[in-house]
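> Below you will find the structure I want to go over with you.
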Amino acid sequence: MSDNPPLKAAIIPVTPLQQNCTLVWCTKTNKAALCDPGGDLDKLKAAIAQTGVEMEKIILTHGHIDHCGSAGILAEELDLPIEGPHEEDRFWIARLEDDGKKYGVMGKPFESDRWLVDGDEVTVGELTFTVRHCPGHTPGHVVFHHAESKLALVGDVLFKGSIGRTDFPLGNHQQLLDSITQRLWPMGDDTAFVPGHGPMSTFGAERQSNPFVADRVLQRA
């Protein structure tokens with residue numbers, strides 16, 4: 001990347017589940033979005049203040065408590081619209097309060113201002129992210145791809161060395177594998193991704209070494 005890339009990002013792990021909330025902003029306009037503000041709102045507000053960005057919206061990959069439990073609360077406090085996930089995750093968003101009690105995370109159901117579908121575009125300042133619907137971990141999971149920066153925010157679809165769990169209600173293992181190979185891999189091997197938990201990686205590295213979705217593993221299947 002150049003000294004002044006169009007996009008900058010800061011990863012802020014939140015909740016006891018150490019979920020990667022990502023603050024992304026457009027360097028040209030200083031407009032920003034928070035992707036998956038699951039909790040620890042004081043921590044997130046401190047990050048916003050520290051970077052000095054102007055918040056424009058909240059974007060969500062999926063409806064699990066550690067990713068969006070506090071999204072509705074933050075949206076109200078900062079008067080921000082929520083974009084995402086896909087409408088099929090209404091099931092999870094309706095359960096946020098109950099799931100919050102189970103995991104010790106603040107959870108509040110909300111109505112998204114814009115449910116997303118595959119092929120939609122989400123803007124942050126002058127940045128444009130392409131939305132890919134990637135079901136499997138949850139039915140309404142979406143991924144945000146900024147092609148120019150070769151960066152994807154993939155939530156819990158893919159991790160460094162692993163893939164999303166599919167043993168939750170409405171999870172589907174084959175659907176998840178299809179989402180990864182048909183929607184993520186075409187973004188390019190040199191695309192870096194921020195997963196919902198743990199360190200970043202690239203699609204190329206995962207195609208080589210991921211024990212679940214490396215090319216050689218899937219060829220054997």
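The values are calculated or read from the model by the stated rules, or taken from the named source; none is laboratory data. Here the structure is a predicted model, which means the values were calculated and not measured. Note that each Cβ is placed from the backbone with ideal geometry, even for glycine, and that neighbours are counted across all protein chains shown. Surface accessibility is based on the protein's heavy atoms, side chains included, excluding ligands, DNA and RNA. Shrake-Rupley method; radii C 1.70, N 1.55, O 1.52, S 1.80 Å.
> Go through region 84-109 residue by residue and tally those that are touching a residue at least 40 places away in the same chain (Cβ under 8 Å) and either on the phi > 0 side of the Ramachandran plot or open to solvent by less than 70 Å² (accessible area, probe 1.4 Å) (or both).
Total satisfying the criteria: 8.
> Shifting gears a bit: Give all pairs with beta carbons closer than 6 Å in which a residue from region 179-193 that is part of a helix (DSSP H, G or I) meets a residue that is open to solvent by 40 Å² or more (accessible area, probe 1.4 Å); count only pairs at least 6 apart in sequence or on separate chains.
Listed pairs, sorted by first residue: R183/R132.
> Any idea how many residues of region 184-196 are surrounded by 19 or more Cβ atoms within 10 Å (Cβ to Cβ) and out of contact with any His (no Cβ under 6 Å at 6 or more places or on another chain)?
Of the residues in region 184-196, 6 are surrounded by 19 or more Cβ atoms within 10 Å (Cβ to Cβ) and out of contact with any His (no Cβ under 6 Å at 6 or more places or on another chain).
> Of all residues in region 1-13 being open to solvent by less than 50 Å² (accessible area, probe 1.4 Å) and in a strand (DSSP E or B), which is farthest from H67 (Cα to Cα)?
Restricting to residues being open to solvent by less than 50 Å² (accessible area, probe 1.4 Å) and in a strand (DSSP E or B), the top hit is L7.
> Quick check: is even one residue across region 194-208 modelled with pLDDT of 95 or more, within 22 Å of V117 (Cα to Cα) and part of a strand (DSSP E or B)?
yes
> Can you tell me which of L170, L218 is of a type in the set (A, V, I, L, M, F, W, C), more than 18 Å from the chain's Cα centre (by Cα), farther than 30 Å from L127 by Cβ and in a helix (DSSP H, G or I)?
L218
> Do you know which residues across region 137-155 are of a type outside the set (V, I, T), more than 18 Å from P186 (Cα to Cα) and crowded, with 24+ Cβ neighbours inside 10 Å?
Those that are of a type outside the set (V, I, T), more than 18 Å from P186 (Cα to Cα) and crowded, with 24+ Cβ neighbours inside 10 Å: H137, G140.
> If you take the residues of region 62-82 that are charged (D, E, K, R) and open to solvent by 20 Å² or more (accessible area, probe 1.4 Å), which of them is nearest to H137 (Cα to Cα)?
Checked region 62-82; the qualifying residue nearest to H137 (Cα to Cα) is E76.
> Out of region 162-183, which residues are touching a Ser or Thr at 6+ places or on another chain (Cβ under 8 Å) and open to solvent by less than 20 Å² (accessible area, probe 1.4 Å)?
Result: L176, single match.
> Those residues that are assigned to a loop (DSSP other than H, G, I, E, B), crowded, with 16+ Cβ neighbours inside 10 Å and either of a type in the set (D, E) or free of Cβ contacts under 8 Å to residues at least 60 places away in the same chain (or both), I need them from region 110-131; list them, please.
F110, S112, W115, L116, D120
> Return the residues of region 14-61 that are acidic (D, E), open to solvent by 60 Å² or more (accessible area, probe 1.4 Å) and either modelled with pLDDT under 95 or part of a strand (DSSP E or B) (or both); say none if nothing qualifies.
Once the filter is applied, which keeps residues that are acidic (D, E), open to solvent by 60 Å² or more (accessible area, probe 1.4 Å) and either modelled with pLDDT under 95 or part of a strand (DSSP E or B) (or both), region 14-61 yields only E54.
> Let me ask something else. Inside region 197-213, can you point out the residues that are within 15 Å of P186 (Cα to Cα) and crowded, with 16+ Cβ neighbours inside 10 Å?
T202, F203, A205, E206, R207, V213
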